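As structure tokens, the structure follows; a few thoughts come after it.
The values are calculated or read from the model by the stated rules, or taken from the named source; none is laboratory data. A quick note: this is a predicted structure, and the numbers were derived from the prediction, not measured. Ideal geometry is used to build each Cβ from the backbone, glycine not excepted, and the neighbour counts take in all protein chains shown.
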């Protein structure tokens with residue numbers, strides 16, 4: 001049962017991320033690198049990789065420049081605590097640190 005719940009939660013995370021990708025596209029930005037990572041590793045693993053790197057992802061910077069921080073992976077994770085179990089305390093801290101540095105939180 002827990003496996004099915006976990007799989008459903010991972011699917012919900014994936015769908016939410018891809019919904020934000022579609023919104024980005026409608027604004028004229030296509031996060032190719034993120035989509036490629038998701039296609040290769042899945043959304044949760046792609047997010048873990050991005051949050052384990054202290055370097056800001058290009059997509060985060062681009063969305064910050066566009067004034068759409070709400071579409072960043074970091075904001076999505078921050079705003080959806082139901083997904084926090086997928087990430088380490090360090091990854092969640094990195095997420096919040098990035099958002100704090102740009103005044104989102």
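General observations
- Top-ranked residue in the stretch 54-69 [being more than 12 Å from residue 34 (Cβ to Cβ) and in contact (Cβ under 8 Å) with a residue 12 or more places away in the chain; ranked as surrounded by the fewest Cβ atoms within 10 Å (Cβ to Cβ)]: 54
- Checking residue 55 against (1) under 17 Å from residue 27 (Cα atoms); (2) at pLDDT below 95, the condition it does not meet: (1)
- Of all residues in the stretch 43-51, none satisfies being more than 12 Å from the chain's Cα centre (by Cα) and free of Cβ contacts under 8 Å to residues at least 60 places away in the same chain.
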